[in-house]
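Notes to accompany the following structure.
Read the figures in this text as sums done on the coordinates, not as results from a lab. Everything numeric in this text was worked out from a predicted model, so none of it was measured. Cβ coordinates were reconstructed from backbone atoms using ideal geometry, including for glycine residues, and neighbour counts include every protein chain displayed.
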Amino acid sequence: MANNVFKKYRARIAREGILKSILLSACIGLGALSLTVLFSWFFGFKGGLYVGLGLLVGLTALLAPLFYYKLYRPTTKAIAKRVDELGLEERVLTMVELENDPSYIAMRQREDTLKALGSVDHMLVKIAVSAALVITFGVGVLLGCSAITVGSLYVADVIPSGVSLVSENVLPKTFTLTYSVSSSGGGSIVMYTDDWSNEQSVSEEVIVTEGEDAPAVLAVEDDKHIFVGWSDGVTEAYRQDVNVKGNMDVQAIFLKYAENVEDAESDRFAPPDIYREPRDNDNQDGETDPDAPPWPGSESTEQLQDPENLGGGGNGPGGATQSDMGNQIIDGQTFYGDTYEDAHSEAMDRLGSDESMDDGLKDSISDYYDSIQQDSSKTGDGEGEGESEGGGD
Amino acid sequence: MVTENDIKQFSELSNNIFAQIKRDVIGQKEVVEGTVIAMIAGGNVLLEGVPGVGKTRLVRTLGRVFDLPFARIQFTPDLMPADVTGTNIIVKDDNGNSTFSFQPGPVFSNIILADEINRATPKTQSALLEAMQEHTVTVMGVSRKLNEPFFVLATQNPIEQDGTYPLPEAQMDRFMFKLIVPNPSLDELMSIVSLTQKTMAEVADPVCSGEQLLKMRETANQIPVAEEVLKYAMMLCSATHPDSECATEAAKKYVRLGASPRAGQALISAAKVMALIKGRYNVAYSDINDLAYPVLRHRIKLNFEAIAERVSPDAIVGMVISEVCKKNKLPAPASLASAPVSAQKESAETPAAEAAPSENGEEDISDNKNNKKKRGLFGKK
């Protein structure tokens, strides 16, 4: 009897249950869609959009009936309670409980209830969905739409993957700075790292975050070589690049001394001509007879450091050569003679003849030799002054 | 077995009862309704109100309308239990032998008006305990059954506390309802004065005999109560206990001792009568909510915090109803929905309530206009 009475109410409340079931299962489906699509986009899987859409449809279709039968299918008692909310003062609920009671009072109660039911419209039973479910569904739809939009744009290659975006925009940029010795060699690079250790090699590479400072490096020249400058125009051997804004690859350029310089080096410890006896094997152009006994300058270091062997001649850098009167300390000033002039002229010749060398590099080398020559001239001037002073004395 | 005739008779009788009472008692609709419900349900009523609001007249009118023997006991400090129950006296028979003969007291009537019940000593007050619950009186080891139907309608004045003895909990629990008798409204007051200027005579006619009243009780007892409604009513009673499984926050905060199981019985019995009077054949949540005030207000023992904050028992009952409704996902009663708990609490903090602080905090009665406006059924504030 109750079922007949409740038919229209049951249909209406069942609709509410179906709606709730669909909403709840759609919430779960939308959640799965959102997670799948967003994860796929982030990790660069283009099929994630379709998987997510499949999950949405599948979960909604699977869970909706489940939720309806387990949670939202209206029972007779639930319907009675809902109908009583229309102002029937628990008549329907009591009637349901007294359905099989044959007593007179139960019968009167049923009559009273049916009479009261006749006075209400079943459409007054409102299909009500809890605010929490509606809000959850709304959030789910919002998330789902966002995820579908992102997924679609990613599939259409309009936006990059999440990982790319993060690495480009979120993670700090780094640049590689390479300091190396140019192919001609002649030196090495020392890099001073944060822990104050340093290592020496022909090439140093360091990764620096944008805007930060690179470690200091020093170009160290080998024997018989001189540091000319860095390939980017920096002339100081020691350098530290600050506020790094891009990748960098610079070479330290070293130049080997000229051959005659080397010869001069070999003769640097030779006694000046004024102390030297002419020897038979001396030829006109100053070349050494291989059979002749060696000059002190060509002997071992131990021999060279012996003042007796030197015959009172100076030693050390810029020492005098066999062929000139330079490298002598006269009145506290070192006389370099024409060593630098020779080197300068040879360098200038080479610079003029070497077409493969960069013009900037040529200028740098030329400036360097000019500066040496100026220093040499100064020294010569001082020396001259000293001599004049000495002469005066 | 209830028949159609019983239902019809109940309806006619209840209508006649109210009509006749209305002839003698002006206004006090809720109090009259509550008293009649209690009488049909077989419960005792404690009427509380300031002097002159018609408590005694109401009880006398009830006695006349129900056509039952009526006895009035004026409770005073020197009243003895034997004055209530009766006692054995020595009488000489025809042969000149002296024997004890029981002289029944006024309690051996059907309707007892215990006027100013709180003025008697606890010893005398307790003389009514057995009569009120078991409807028997034991004197000198002999139990005597009282006449049925038996009612005790007691009155007490909440203002004058000097020389009074607050009713013990056991005595209070035996009253089905505690009804607050408010001051009449202006219109009611005008009607009262107009009526009494003509004659002070009580004109109500008897319309219901004792047997009919018992039949009405029997009929009302057959009214079904849905399991959900019964559960709700019992939850309401249990929720007044601060340490019960369904204790409410209000009970935890303000109540020292909640309602007894007798309250649950009274609530359901009265709700059945109320439903039938309203022409309904089932008990509704609204019946339970309306009757919760008169049933529970004198059964709740307030704690110090409630007394200190001047929270009335009615306010606590309101809070309990609100919480239980919320817990059961039921719509809150209209009276509570319109007056939030905070407002109910404020209603207890009236000048009248302040003027009459009681020892146990249960006599928070207010008689000013503001409180009267907030009163609903059965004088609930």
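Annotation: the antiparallel percentage among DSSP beta bridges lying fully within chain B is about 40. Normalised by 2.2 N^0.38 Å, with N the number of residues, the alpha-carbon radius of gyration of chain B equals 1.00.
Direction-averaged projected area, Cα convex hull, the stretch B:1-79: 6.7 nm², rounded to one decimal. Label reach from A:V170 (point 7 Å along Cα→C-beta): in the stretch A:32-53, amide nitrogens under 14 Å belong to A:38-44. Tell me, what is the FRET efficiency for B:E227 and B:I90 to the nearest 0.05, using R0 = 56 angstrom and their Cβ-Cβ distance as r? For R0 = 56 Å, the calculated efficiency reads 0.45. Using alpha carbons only, the radius of gyration of the stretch A:78-167 set against its Kirkwood radius gives Rg/Rh = 1.50.
Can you tell me what percent of all Cα-Cα pairs in the stretch B:1-145 are more than 22 Å apart? All intermediate terms of the calculation are to be shown ahead of the outcome.
Numbers: 5270 of 10440 pairs.
Of all Cα-Cα distances in the stretch B:1-145, 50 percent exceed 22 Å.
Along the stretch B:34-40 the Karplus relation, 6.51 cos²θ - 1.76 cosθ + 1.60 evaluated at θ = phi - 60°, assigns HN-Hα couplings of x, 5, 5, 4, 5, 5, 5 Hz to successive residues, with x for each Gly and Pro.
Once the Cα-Cα distance is subtracted from the 0.36 nm per residue extended length, the A:A128 to A:M348 segment shows a gain of 69.4 nm.
Mean residue ellipticity at 222 nm, helices only, chain B: -14000 deg cm²/dmol; runs of at least 4 DSSP H residues each add -39,500 (n - 2.57), and the sum is divided by the number of residues. With 27 Å as the limit on Cα-Cα distance, the pairs of B:K29/B:K231; A:K126/B:K329; B:K92/B:K145; B:K272/B:K329; B:K272/B:K326 that go past it are B:K29/B:K231. Using the Cβ-Cβ distance between A:Y238 and A:R73 with R0 set to 56 Å, the FRET efficiency works out to roughly 0.10.
Derived scalar couplings between HN and Hα for the stretch B:269-284 equal 4, 5, 5, 5, 5, 4, 4, 5, 4, 7, x, 10, 9, 8, 8, 10 Hz in order, rounded to whole Hz, by the Karplus curve 6.51 cos²θ - 1.76 cosθ + 1.60 (θ = phi - 60°), x for Gly and Pro.
Which residues does the label zone of B:R144 cover in the stretch B:91-107, counting backbone N under 14 Å from a point 7 Å along Cα→Cβ? B:91, B:100-107, by backbone N distance to the label point.
Expressed in units of 2.2 N^0.38 Å, where N is the residue count, the Cα radius of gyration of the stretch B:26-66 is 1.09. What the phi angles of the stretch B:170-179 give under the Karplus curve with 6.51, -1.76 and 1.60, with θ = phi - 60°, is a coupling list of 4, 6, 4, 5, 7, 8, 5, 10, 10, 9 Hz, glycine and proline written as x.
Return the FRET efficiency for the residue pair A:Y192, A:F45: r is the Cβ-Cβ distance, R0 is 30 Å, and the value is rounded to the nearest 0.05.
Working: r = 46 Å, r/R0 = 1.52.
Plugging the Cβ-Cβ distance into 1/(1 + (r/R0)^6) gives 0.10.
The value of relative contact order for chain B, using C-alpha pairs under 8 Å at least six residues apart, is 19 percent.
Note on the stretch B:223-347: the C-alpha convex hull projects to 7.0 nm² when averaged across all orientations. Which one, B:F304, B:L257, B:V320, projects farthest toward the positive side of the charge dipole computed for the stretch B:223-347 from Cβ point charges (K/R +1, D/E -1)? Value computed over the given set: B:L257.
Evaluating kT/(6 pi eta Rh) at 25 °C and 0.890 mPa s, with the Kirkwood radius of the stretch B:208-280 over Cα pairs in the Stokes-Einstein relation, gives 179 µm² s⁻¹. Paramagnetic label reach from B:F102 (point 7 Å along Cα→Cβ; backbone nitrogen cut-off under 18 Å): within the stretch B:138-162, residues B:138-151.
Inter-label distance, A:D157 to B:E211: 10.5 nm, where each label sits 7 Å from its Cα along the C-beta direction.
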